[in-house]
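J.: Got a structure here, written out as structure tokens. Questions coming.
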Amino acid sequence: MSQETGTGRVKRGMAEMLKGGVIMDVVNAEQAKIAEDAGAVAVMALERVPADIRAQGGVARMSDPDMIEKIKAAVSIPVMAKARIGHFVEAQVLQSLGVDYIDESEVLTPADYKNHIDKWGFTVPFVCGATNLGEALRRINEGAAMIRSKGEAGTGDVSNAMQHMREINGEIRRLSSLREDELYVAAKELQAPYELVREVAEKGKLPVVLFTAGGIATPADAALMMSMGADGVFIGSGIFKSGNPAQRAAACVRATTFWDDPKVIADASRGLGEAMVGINVADLPAPHRLAERGW
Amino acid sequence: MKVGVLALQGDVREHMSALIACGVEPLAVRRPDEVSHVDAMVIPGGESTTIAQLARIFGVFDVMRERISKGMPVYGSCAGMILLADEILDAKAGQETFGGLDITVRRNAFGRQVDSFESDISFRDGSTDLIRAVFIRAPWVERVGVGIEVLAEVDSHPVAVRSASVLATSFHPELTGDHRIHRYFIEEVARVAIQQVK
């Protein structure tokens with residue numbers, strides 16, 4: 001009885017199991033436990049949350065292996081970690097540490113301004129950010145087993161995530177309306193492989209799970225993203241940069257499950273204390289916009 | 001037969017499609033009164049700690065536990081198996097289960113995601129055809145109580161078990177497009193159990 005690891009089905013299937021859930025950024029074992037207790041489906045282990053990366057500047061890299069192992073030991077839920085765009089050695093290191101998912105992330109400083117990691121060669125699955133359908137399909141073509149909208153990480157401003165979700169889903173709806181002989185030009189315009197374009201046009205959805213990320217700070221933000229067709233939500237700085245992380249984390253989990261029930265969202269939103277302060281994306285000078293990293 | 005899929009978190013959609021392919025009309029179930037209105041339930045794959053917690057918060061937990069103990073037919077895959085086990089190992093501190101199956105299940109027993117695998121296994125439903133089974137951070141059964149039948153094994157660990165009304169698999173038949181396990185649950189577990197109650 002042969003056992004095949006790292007197959008497409010095993011990688012994409014792992015993301016299917018996270019659907020309807022919230023994945024939370026954590027920087028140490030204590031935060032990871034708070035996230036698990038609040039009902040997170042997974043944690044993202046990183047050294048600094050995006051809001052701090054933004055505030056402190058400098059080059060942001062893969063986290064210290066010791067810190068990742070402490071988080072792995074602290075919780076029973078899946079542990080994800082970030083590698084820089086194109087930094088395949090960081091990804092190899094993370095795989096050897098046994099993380100459950102790698103986020104090839106624009107939140108870290110890119111290591112390669114032309115190429116992303118060739119993700120097919122890895123046993124561990126990858127999630128990648130996208131601002132539009134073409135970008136999502138290019139990442140899937142490179143082996144990504146899960147896509148997330150980029151949003152603008154570390155801002156607490158949900159407008160970019162909203163824009164990316166509308167963009168991706170709008171383009172999918174448009175593809176579904178095209179004649180078969182128009183898909184060749186659509187593929188050219190999307191700068192994505194024809195086979196993937198045809199698959200999306202036929203199924204009316206991406207071939208992998210689509211989460212949303214970047215700027216989600218409240219239960220209502222999480223529910224908004226779910227109603228825009230997200231399969232689940234990443235919350236980065238929104239939880240541990242707020243007044244009461246444990247309560248806010250649990251509230252976001254509840255709102256993600258009952259995204260279509262305003263009463264539940266209202267209850268979840270009560271008495272959460274201060275939300276993260278936030279930055280308006282429009283006030284960010286272009287070189288500091290993380291969503292524009294990735295090609 | 002009204003079959004509900006517990007829709008708090010996890011791969012609900014895939015189970016719904018598999019049930020539709022077996023000719024039943026599934027209902028997504030998130031509230032206590034919805035649990036009361038179905039004849040049978042499926043607990044999807046997902047994160048068992050998250051599902052248990054949401055079930056508690058939204059009042060579904062006790063209704064599920066009670067209905068399962070009174071013989072409502074249930075099928076659980078992966079996280080669903082964990083939630084149906086009377087006893088779990090490597091659990092989060094204080095992690096609860098609905099219970100109903102007299103088994104002990106070890107969470108993530110096959111390892112982390114890098115160890116997740118697929119394999120052809122035999123399933124003892126009378127057919128000799130192998131079934132493609134997808135194991136994702138999968139649990140296995142470490143102890144089987146009286147009256148529990150083992151339907152499939154991997155490396156001599158039980159990965160599919162049943163009682164009179166409860167079926168559980170550590171793998172995810174909902175991901176493969178082969179609906180044999182769902183059909184087995186509907187025809188050989190749920191229909192028979194419901195018939196006996198009547």
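The values are calculated or read from the model by the stated rules, or taken from the named source; none is laboratory data. These numbers come from a predicted model, not from an experiment. Every residue, glycine as well, gets a Cβ built from its backbone with ideal geometry; the counts of neighbours run over all protein chains shown. Just so you know, the surface numbers come from the protein's heavy atoms only, side chains and all, with ligands and any DNA or RNA stripped out. Shrake-Rupley method; radii C 1.70, N 1.55, O 1.52, S 1.80 Å.
J.: Return the residues of segment B:1-21 that are open to solvent by 20 Å² or more (accessible area, probe 1.4 Å), touching a residue at least 24 places away in the same chain (Cβ under 8 Å) and more than 11 Å from chain A (Cβ to nearest Cβ); say none if nothing qualifies.
T.: Within segment B:1-21, B:MET1, B:LYS2, B:SER17, B:ALA21 qualify.
J.: Picking from A:ILE279, A:ILE265, which residue would you name as being surrounded by fewer than 24 Cβ atoms within 10 Å (Cβ to Cβ), at pLDDT below 95 and of a type in the set (A, V, I, L, M)? Lay out the reasoning, then the answer.
T.: On the way: A:ILE265 fails: at pLDDT below 95.
After ruling out the rest, the residue left standing is A:ILE279.
J.: Against the definition (touching a residue at least 24 places away in the same chain (Cβ under 8 Å) and farther than 21 Å from B:PHE135 by Cα), how does B:ALA85 come out, yes or no? Give the derivation first.
T.: Working: touching a residue at least 24 places away in the same chain (Cβ under 8 Å): yes; farther than 21 Å from B:PHE135 by Cα: no.
Criteria not met by B:ALA85.
J.: Every residue in segment A:109-147 that is touching a helix residue (DSSP H, G or I) at 6+ places or on another chain (Cβ under 7 Å), aromatic (Phe, Trp, Tyr) and part of a loop (DSSP other than H, G, I, E, B), please.
T.: Result: A:PHE122, single match.
J.: Being within 13 Å of another protein chain (Cβ to nearest Cβ) and not in a loop (DSSP other than H, G, I, E, B) is the filter here, so list the residues in segment B:33-60 that pass it. Write out each step before concluding.
T.: Of the residues in segment B:33-60, the ones within 13 Å of another protein chain (Cβ to nearest Cβ) are B:34, B:43-60.
Selection gives B:GLU34, B:ILE43, B:SER48, B:THR49, B:THR50, B:ILE51, B:ALA52, B:GLN53, B:LEU54, B:ALA55, B:ARG56, B:ILE57.
J.: So which helices (runs of 4 or more DSSP H) are wholly in segment A:156-211 and hold at least 1 residues that are in contact with a Gly (Cβ under 9 Å, 6 or more places away or on another chain) and open to solvent by 20 Å² or more (accessible area, probe 1.4 Å)? Let's see the steps before the verdict.
T.: Working: elements: A:159-177, A:183-190, A:194-203.
It comes to A:159-177, A:183-190.
J.: All but one of (1) open to solvent by 50 Å² or more (accessible area, probe 1.4 Å); (2) closer than 24 Å to B:LEU6 by Cα; (3) not small (Gly, Ala, Ser) hold for B:LYS198; which doesn't?
T.: With respect to (1) open to solvent by 50 Å² or more (accessible area, probe 1.4 Å); (2) closer than 24 Å to B:LEU6 by Cα; (3) not small (Gly, Ala, Ser), B:LYS198 is out only on (2).
J.: Identify, by number, the condition in (1) open to solvent by less than 20 Å² (accessible area, probe 1.4 Å); (2) within 21 Å of the chain's Cα centre (by Cα) that A:THR109 doesn't meet.
T.: (1)
J.: Against the definition (surrounded by fewer than 18 Cβ atoms within 10 Å (Cβ to Cβ) and under 24 Å from B:ASP102 (Cα atoms)), how does B:ASP39 come out, yes or no?
T.: Values: surrounded by fewer than 18 Cβ atoms within 10 Å (Cβ to Cβ): yes; under 24 Å from B:ASP102 (Cα atoms): yes.
For B:ASP39, the condition - surrounded by fewer than 18 Cβ atoms within 10 Å (Cβ to Cβ) and under 24 Å from B:ASP102 (Cα atoms) - is met.
J.: Pull out all pairs, ordered by first then second residue, where Cβ-Cβ is under 7 Å, the residues are six or more apart or on different chains, the first lies in segment A:69-91 and is closer than 23 Å to A:GLY121 by Cα and open to solvent by 10 Å² or more (accessible area, probe 1.4 Å), and the second is part of a helix (DSSP H, G or I) and among the charged types (D, E, K, R).
T.: Within 7 Å, the pairs are A:ARG84/A:GLU90.
So that you can scan it fast, the table gives a plain yes or no per residue for (1) touching a helix residue (DSSP H, G or I) at 6+ places or on another chain (Cβ under 9 Å); (2) open to solvent by 30 Å² or more (accessible area, probe 1.4 Å); (3) of a type outside the set (S, T, N, Q):
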site	(1), (2), (3)
B:CYS78	yes, no, yes
B:ALA85	no, no, yes
B:VAL141	yes, no, yes
B:VAL146	no, yes, yes
B:HIS157	no, yes, yes
B:GLU174	yes, no, yes
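J.: Let me ask something else. Given the conditions (1) over 16 Å from B:VAL74 (Cα atoms); (2) out of contact with any Gly (no Cβ under 9 Å at 6 or more places or on another chain); (3) buried (at least 19 other Cβ atoms within 10 Å of the Cβ), report the number of the one that B:SER170 does not fulfil.
T.: Against the list (1) over 16 Å from B:VAL74 (Cα atoms); (2) out of contact with any Gly (no Cβ under 9 Å at 6 or more places or on another chain); (3) buried (at least 19 other Cβ atoms within 10 Å of the Cβ), B:SER170 comes up short only on (1).
J.: Further, regarding this structure: Would you mind listing the helices (runs of 4 or more DSSP H) fully within segment A:231-295 where at least 2 residues are among the hydroxyl-bearing types (Ser, Thr, Tyr)? Steps first, answer last, please.
T.: Numbers: elements: A:237-240, A:245-257, A:262-269.
So the answer is A:245-257.
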